[in-house]
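Derivation of every value follows stated rules applied to the coordinates shown; laboratory data play no part. Bear in mind the structure is a predicted one, so any value in this text is a computation, not a measurement. Note that we place each Cβ from the backbone using ideal geometry, even for glycine, and neighbour counts take in every protein chain shown.
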Amino acid sequence: MNTASLMDNITYQDNLKPTVTVLLKTANSKEVRIVMKKGQFMKEHQAPFPIIIEMFEGEIDFGINGNKQILKKGDMIALEANIPHDLTCISNCIIRLSISILDKVERIHKI
């Protein structure tokens, strides 16, 4: 059994980069916490495998193929592989990202 907390040891960076932390690894997925400060963004990118994004705090402007929508606390979205998307933080936020165990977290750090 593995345990983790989305709310422990939260760090908002002062630069333009979000804080990305792997919280858990399972046989099928990696559970990642992304902490973003208002104004931070992740430029358009795509994941090589399906992903699930869940908002725990705050709001983001989430773009999919150039179409924008607001995601707020409690919202979830699932994307298939290779869908271009971007994120801009509207208010300080905590995001849970579920990625395939085959995906590399280093890819997220480079965005």
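Fewest-first ordering of Ile34, Ile94, Ile70, Ile64 by other beta carbons within 10 Å of each residue's beta carbon gives Ile70, Ile64, Ile94, Ile34. Remark on Gln40: its backbone amide H falls under 5 Å from those of Cys89, a criterion applied only to residues 5 or more positions apart or on other chains, H modelled at 1.01 Å from N. The charge dipole of the range 19-109, taken about its Cα centre with unit charges on the Cβ of Lys, Arg, Asp and Glu (plus for the first two, minus for the last two), comes to roughly 240 debye. Across the range 61-111, the volume of the C-alpha convex hull divided among the residues equals 100 Å³ per residue. This ranking places His109, His85 by how few other beta-carbon atoms lie within 10 Å of each, fewest first, which gives His109, His85.
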